[in-house]
C-alpha cells in the first residue's frame, strides 16, 4: 500500500511545494457515510435497537467520483473505500459501534504546466468508535419511536505521512487525517410495518495534527423507507423489500494550515440518495446512489459528481451480555 | 301358546333393562373425554405479545432471547400479529417474569402472555381414545 505518482507525458514535474499542491487538490473532504449497522438508513445512523448480546457486522463498498473542474487544472478525483462496521448491544439501550475502513484509495488527476499528473494513495483509514444510548422509547403494536444520542471519537489509525516521487501528499489525499476528532449527535427513528422514517444531526470537531486542521463538519440526514413487498403480511417473518430515499446535508468549515485559513475549502453540500434495500431476519442487502442536489463550495474546491454505496449486514449472537 | 307368550314377556322384562344399560354404557364411553385430557395436559405453549417490533431484522434478537429461556424448545415469531409463540418441552417452563425480561433484553416492550395447551394435541388424544373404546365395545 503506497502512494504513487505518474506522469503522463514522461517528464517529471518540478516540485511545486506542499502549499501549491494543497491548493491544487483542494476538494471537498471525502466523507464516508457514517452508517450504523442496525437495519435502517443506508447512508447514516438510525436509533433502532440492538438486542443485548447481539452483534451485527456490516460491510460496504463506497465509490466516489468528482470532476467537472472549472479551473485550468481540470481536476478529477476517484476514491474507493471499504469500511466495515462492527456493532455490539451491550445492554438493550446502549450499543457500541466501531467503523473500520480497511481499505481507502484516493487518487486525483490534474493538469499542471509540466503536464498531466496523477497522485494518490491506498491504505487503512481512520477508525471511528462511538456509543449510542436510547433516551426515548415509545412502543406500539407494529411500530416504535426511538430517540438516541450518540458520541464518539475518530482515531488517527490511518497514515497521514504518505509521499510519492513528487513529495509528501496533500492532507486530502492521505488515507488518514492524523487527528483525534470527537463527534456528537442525535438519531431519531419512527418505524412501522409499512414504512420507516429516520433522521439525525451531528457535529464533528476536527482537531489539529502537524499544523493542519480540517474544517469542522456539521451534518443532518433524513431517510424514508417504504415497503414495496410483500404488499400484505402473512404469518412468520418474511423478507421486506424497501424503496429508499435519503437526504444528506453537510456544512464543512474551512481548513487551516500553519494557522492560515484555506479559502478554497469547505462549503455546503446537499445529496439526495435513491436506493433499495432487502431486509430479512438474518441479513440486509442494500445499495444507493448519492447525487449532489446543491453544492455551494468555497473558492476552487472540487465538488462531487456522485457516490455509490453498496453493502450487506449480518446479525449474530455472542455469549457475552451484561 | 300361553307359555310361549309368558316366556316372551319375561324376555322383554329383562331384555329392555339390559338394552337400556348397554345404551347408557355406550353413550358414556362415546363422549370425548376432553375434560379428562385437559386435566392431564399442562400448558405447553405461550403466546407473547411483543410491542414495538416492526421489521424482520429486529425479530432475530427476540427469537434468540426467548429461545435461551429454560425449557423452551422452539420459538416462532409473527411480525404482522406482533407476537411470539414459545413452545416448551414439558420438563421446565419459563416464568412470565422471565419471558418479559427476555423481551426487554431484546429491546422491546412485553405485552400479554397467554399460556395454552397445544389444542391439536389435546383433540387428537381424545379422538383416539373414543375411537379405540368404541371398537372395544362393539
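Bear in mind that the values in this text are calculations on the coordinates, not laboratory data. Model, not experiment: these values are computed from the prediction. All Cβ positions, glycine included, derive from the backbone under ideal geometry; neighbour counts span all protein chains shown.
Is the stretch A:138-247 best put as rounded, prolate or oblate by its Cα gyration tensor, with a ≥ b ≥ c the root eigenvalues, rounded for a/c under 1.5, and otherwise prolate when a/b is larger than b/c, oblate when not?
Prolate shape, in that a/c is at least 1.5 and a/b is the bigger ratio.
Determine the shape class of the stretch A:171-233: with a ≥ b ≥ c the square roots of the Cα gyration tensor eigenvalues, call it rounded for a/c under 1.5, and otherwise prolate if a/b is greater than b/c, oblate otherwise.
prolate
Along the Cα→Cβ direction, 7 angstrom out, place labels at residue A:163 and residue A:94. What is the inter-label distance in nm?
4.5
Let me check against my output: what whole-number percent is the relative contact order of the stretch A:41-115, with C-alpha pairs under 8 Å and at least 6 apart?
32
With every atom except the alpha carbons ignored, what do you get for Rg and Dmax of chain A, in angstroms?
According to the Cα coordinates of chain A, Rg and Dmax are 20.7, 70 Å.
Other chains' Cβ within 10 Å of A:89-97 residues: what's the mean?
Counting other chains' Cβ atoms within 10 Å and averaging over A:89-97 gives 2.
How many angstrom separate the Cα center of the stretch B:52-74 from the Cα center of the stretch A:284-320?
31
Can you figure out the FRET efficiency of residue A:78 with residue B:118, using R₀ = 60 Å and their beta-carbon distance, to the nearest 0.05? Please report the intermediate quantities before stating the final value.
Values: r = 61 Å, r/R0 = 1.02.
Calculated value: 0.45.
Name the residue, out of A:59, A:115, A:202, whose mean-square fluctuation peaks in a Gaussian network model built on chain A with Cα pairs under 10 Å.
A:115
Peptide A:278-290: average number of partner chain Cβ atoms within 10 Å per residue?
Details: counts 1, 4, 5, 11, 4, 3, 3, 0, 0, 0, 0, 0, 0.
The per-residue average across the peptide is 2.
In percent, what relative contact order does chain A have, based on Cα pairs under 8 Å that are 6 or more apart in sequence?
It comes to 19 percent, rounded to a whole number.
Which residue, A:210, A:300, A:160, tops the fluctuation ranking in a GNM of chain A built on C-alpha contacts under 10 Å?
With Cα springs under 10 Å in chain A, the top fluctuation among A:210, A:300, A:160 is at A:210.
How far apart, in nm, are the 7 Å Cα→Cβ label points at residue A:124 and residue A:61?
Placing both labels 7 Å along Cα→Cβ, they lie 2.3 nm apart.
Take the Cβ-Cβ distance between residue A:308 and residue B:67 as r, set R0 to 35 Å, and report the resulting FRET efficiency rounded to the nearest 0.05.
Values: r = 38 Å, r/R0 = 1.10.
With a Förster radius of 35 Å, E is 0.35.
Roughly how crowded by other chains is peptide A:234-242, in terms of the mean Cβ count from those chains within 10 Å of each of its Cβ atoms?
Taking the mean over all residues of the peptide, I get 5.
Build a GNM of chain A with springs between Cα atoms under 10 Å: which of A:270, A:229, A:251 gets the top mean-square fluctuation?
Among A:270, A:229, A:251, the largest mean-square fluctuation in the Gaussian network model of chain A belongs to A:229.
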